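Each value in this text was obtained by applying a stated rule to the coordinates, not by laboratory testing. What you are looking at is a predicted structure, and each value in this text was computed from that prediction instead of being measured. All Cβ positions, glycine included, derive from the backbone under ideal geometry; neighbour counts span all protein chains shown.
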Amino acid sequence: MSIVDWVIMIATLLGIVIYGVYKSRNKDAAAFIGADRQLPWHVVLLGIMATQASAITFISGPGQAFSDGMRFLQYYFGLPLAMIVIAAVFVPLYQRLKVRTAYEFLDERFDRPTRIFTGILFLLSRGISTGMSLYAPAIVLATIFHWNIYFIIVIITLFMLLYTYLGGAGAIAHTQKLQFVIILSAMALAAYFIIQLLPGDTPVRDALHIAGANNKLNMITTGFDWKDKYNIYSGIIGGFFLALSYFGTDNSQVGRYIGGKGVRESRLGLLMNGIVKIPMQFLILMIGILLFSFYSLTTTPLFFNEQAEHKVAQHFPEQYDRLSATHRQLTEQLKSRYAVLKDAGYDPGDVSVYREIRGLDSAQKANKNEFKKLIREHSSLIGASDDDTNFIFLHFVKRYLPVGTVGIIFCIIFLASWGSISAALHSLATSTLLDFHMQLKRQPYSDEQQLRWGRFYTLFWGLFSMVIAFFATRMKSLIEAVNELGSLFYGPILGIFLVAFFARRVKGRAVLAAGLVSEIVVLVVYWSDTVGFLWLNVIGSLCVVLTGLLFQVLFGKPSVLPDIKRLE
Amino acid sequence: MEHKNTERIRWKIWYVALLIWLIVMIICSFLFTLKWNVAL
């Protein structure tokens, strides 16, 4: 990176931190925990979006489309449906009861053990996954710039902790607003440059034809397979349950919209999220599609993690030269077929050329797989993952973007990390304080004591995430599993909330037992590896509802109908 | 009371609008796939 890029990056990052600290002045416990319930809908919206979008969303999203096409978009089809249910059912209750964490509601509806059990599931999954979302961008930056990964993890955490520790919910909401505007502008800038840099003034239409010829524009896939991660069915059904659980019951999201100024602002923030999410993801994935066409028409590297490629070349020169030569040859052949397609006006009836392209693409993939196998077999020597998805977008940024824009794009890695991690740490801290610590105290805490403990737990979870991220550097094989960790817990958590809202007869003991049984069921299904991870959310939540009803009928005492009316 | 009902109807309109928006998004995605993606 040039000095100009460095200056732009550091100035932007410091600006955000100073702004966050400035917004942290004169805070009391209520403001620290829930932003005084004063946020307008647009701040709620940007908070929700910035919390969900981690650094990996922006660097891995284009890479995902590059490698697997647009079908990842289907993952978001269930989200607007979930926004409707949350806005209609969850928000009015949360706001009327003035709960400060999602699990406080369970105490009102059921009992304290259910609140604590659900809180534990949340702290477990969110605590570990926050560490992972700290590790994921750090490893990419460490590889690209040859920086020390521990140093990057510490830098990302400390600067973000500064304003999260001081200002809590309010500082997070206001910095997220700025962060997200910068991130979206930077992504738009990147898209503009990719289009400008398409070789030989290739129009976007031709770029889309090339991607389509390689089955990359597969936005809807209708073939059903339980193990398939992304198709229209798992997207709508599994995606709905995942979004319902994540936005409706995960304290990192609930904490964002209960800070809204009343039901109206919280609802508008959520519904707007339902409107903008799919188009936004479409545009992020489209960057990957344009990149695919850009590299197809110039030169696709054999492997986008250049450091790993150099190491393979250094240690296995013969294999590397062979694989590299085959890759170059196949790339040239593909380019010539694209020229044929262009001359024929991209006629879809000309099936033979398309078949040739698919054949060459498969050969190129097989060649790359051989290269990846080499990395896997000598992982201790090469010291890198065989997955280069996260490096695709940044490879382009580093190689092709003009001075000034590179700094801004690398900035978004830090900003997106801060946006999602600060909200996660804050939600972990408030949940630990309110759902555990204060439940064990006989005497209520004063405002000042709550603020002090809230800050202490923010610091604690920040350090905890840092330790998890440090461990992740030593246990690379576990990363894939931990990425899907959320889905192991989300289903049962959502099930407990669904029972709370809709199955009024079911009491605390029945739902707690149902939660435990369902958690075991989800873990068994996960280890048996029979379904794609999105389905785990459906299985977990339905299991709690059904077993909860069953347990109540079998073992519950017949009693007066609780409680939801009273709560309303 | 009347104000409450108007408010309720207003939110219902929002929910239906979002539902229609989702359906439009899915149909557009489907048409986009048909137009640009070459299935062999």
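Key figures for this structure:
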quantity	calculated
Summed residue charge, Cβ within 14 Å of A:K311's Cβ, Lys/Arg positive, Asp/Glu negative	-3
Nearest-0.05 FRET efficiency for A:T222 and A:D28, computed from C-beta distance (R0 60 Å)	0.65
Net length gained if the chain between A:V276 and A:L14 were fully extended (0.36 nm per residue, minus Cα distance)	91.4 nm
Given charges at Cβ of Lys, Arg, Asp, Glu: the protein assembly as shown dipole, positive-most of A:M1, A:V406, A:W41	A:W41
Separation of the A:E306 and A:S379 label points, Cα + 7 Å toward Cβ, nm	2.6
Among A:299-307, A:537-545, the order from most to least packed when residues are scored by Cβ within 10 Å on average	A:537-545, A:299-307
Amide H within-cut-off set for A:L39, under 5 Å, with H built and near neighbours excluded	A:G260, A:K261
Neighbouring partner chain Cβ atoms per residue of B:11-18, average, 10 Å criterion	5
Helical segments meeting 27 Å axial Cα length and Kyte-Doolittle 0.5 threshold in chain A (DSSP H)	A:3-22, A:112-145, A:149-197, A:262-297, A:405-431, A:508-528, A:533-555
Over chain A, relative contact order from alpha-carbon pairs under 8 Å, at least 6 apart, %	31
Packing-based exposure ordering (other Cβ within 10 Å, fewest first) of A:I195, A:I409, A:I8	A:I195, A:I8, A:I409
Loop trypsin sites (Lys or Arg not before Pro), the stretch A:71-136, which have at most 16 other Cβ atoms in a 10 Å radius of their Cβ (DSSP)	A:K98
Exercise: per-residue mean of other protein chain Cβ atoms within 10 Å, A:84-97	1
Spread of Cα-to-Cα distances over 20 Å intervals beginning at zero, given as percent, for chain A	20, 52, 24, 3, 0
At 0.692 mPa s and 37 °C, Stokes D of the stretch A:83-131 from Kirkwood alpha-carbon radius, µm² per second	277
Links that overshoot a 19 Å alpha carbon limit, given the list A:K311/A:K368; A:K23/A:K98; A:K216/A:K365; A:K227/A:K365; A:K368/B:K35; A:K98/A:K261	A:K23/A:K98; A:K227/A:K365; A:K368/B:K35
Residues A:D386, A:D529, A:D447 arranged by fewest to most Cβ contacts within 10 Å	A:D529, A:D447, A:D386
Peptide A:342-349 - average C-beta neighbours from other chains (10 Å radius)	1
With Cα atoms, 0 to 90° folded angle of helix B:2-36 axis to chain B main axis	0
